[in-house]
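The values are calculated or read from the model by the stated rules, or taken from the named source; none is laboratory data. Note that the structure is predicted; figures quoted are calculated from it, not measured. A quick note on method: Cβ atoms are made from the backbone with ideal geometry, for glycine too, and the neighbour counts reach across all protein chains shown. Heavy atoms of the whole protein, side chains included, go into the accessibility calculation; ligands, DNA and RNA do not. Shrake-Rupley method; radii C 1.70, N 1.55, O 1.52, S 1.80 Å.
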Amino acid sequence: MMRHPVTPPKHPGYQQTAQLGLFTALASILGYIETLFPVFAGIPGIKLGLANLAVLFILIRYSWQKAALVSIARIIIIGAMFGSMFSILYSTAGAALSLAAMTLVLARTDFSIITVSVIGGVTHNIGQLLIAMALMETGSLIYYAPALLISGVVTGILIGALTGELLKRLR
Amino acid sequence: MKKKEVLLILGIVAAAVLLGIGLMLFKSNDGESIRITVDGKEYGTWKLDEDQTIEIKDTNVCEIKDGKVRMIRATCPDHLCMEQAPVDENGGMIVCLPNKVIIEGTNTAGSGNGGGVDAVG
């Protein structure tokens, strides 16, 4: 598995701005595509996490600040167009925890992109489950935890592999 | 990928499986009835063997038919609750996050096994 570059390649500012805009648009489109899929296995919250592809790419190539910017823009765009206040709240909880965990792992270890992505997927689902439990004031939702953990691992591997290929090909 | 990373990922999967087994052992729902909760407060319990439709506040409507419950109407924008697997005698759960409605399979009368046999309806 390829290593992520330690230092981001030097781009002129305008090119970087263009890339951030491009990836925000990409993340929004991918998020929209996901709303077209039905609920998997009768469990709410199981998704491919396609939008994480764009966030992970920006995180590795640039910085967590820029990844957070793309992530926030994506959540607001998707939430305003296809969701509600609640979906924005759930997305934010998942995305924030996931980005924090991925940033820590990237900074403290030399794990491969796939592992970073798996950790991102799992923590994203944990974040959403926790905020759902807090909002609904119930512990019953813990029954969804095993399925959400497994799906976080599976989608994390997929998204990690895709992002790795993308990083190799996009300079 | 290094061995440490493979172990980490396998560890997460193992934790999920163990948690799943633990929850299954702990649950022991026989699912003869359902409990509906709104906003963390119990809204009521209903038997599964009687076909009927239940209005939950003004937000959701669920239907009991052939021992299965499914959500048939909801005011929320995504309608995810209406696509979730029905709750039947094997238990299960339907959740409508925006309206904070939960339908779950429960033991009859809540006292569970050993509390005397309930009258069969």
Filtering segment B:33-55 down to residues that are within 14 Å of chain A (Cβ to nearest Cβ) and part of a strand (DSSP E or B) yields B:Ile34, B:Arg35, B:Ile36, B:Thr37, B:Val38, B:Lys41, B:Glu42, B:Tyr43
Search result, residues across segment B:62-81 that are touching a Lys or Arg at 6+ places or on another chain (Cβ under 7 Å) and either crowded, with 16+ Cβ neighbours inside 10 Å or within 8 Å of chain A (Cβ to nearest Cβ) (or both)
B:Cys62
Among the residues of segment A:100-117, is any open to solvent by less than 50 Å² (accessible area, probe 1.4 Å), among the polar types (S, T, N, Q), under 17 Å from A:Ile60 (Cα atoms) and in contact (Cβ under 8 Å) with a residue 60 or more places away in the chain?
yes
I'm trying to understand the selection: among the residues of segment A:108-154, which are more than 16 Å from B:Cys96 (Cα to Cα), at pLDDT below 90 and not in a helix (DSSP H, G or I)?
none
Within segment B:89-121, restricting to residues that are within 17 Å of the chain's Cα centre (by Cα) and more than 12 Å from chain A (Cβ to nearest Cβ), the one that is modelled with the lowest pLDDT is B:Gly112
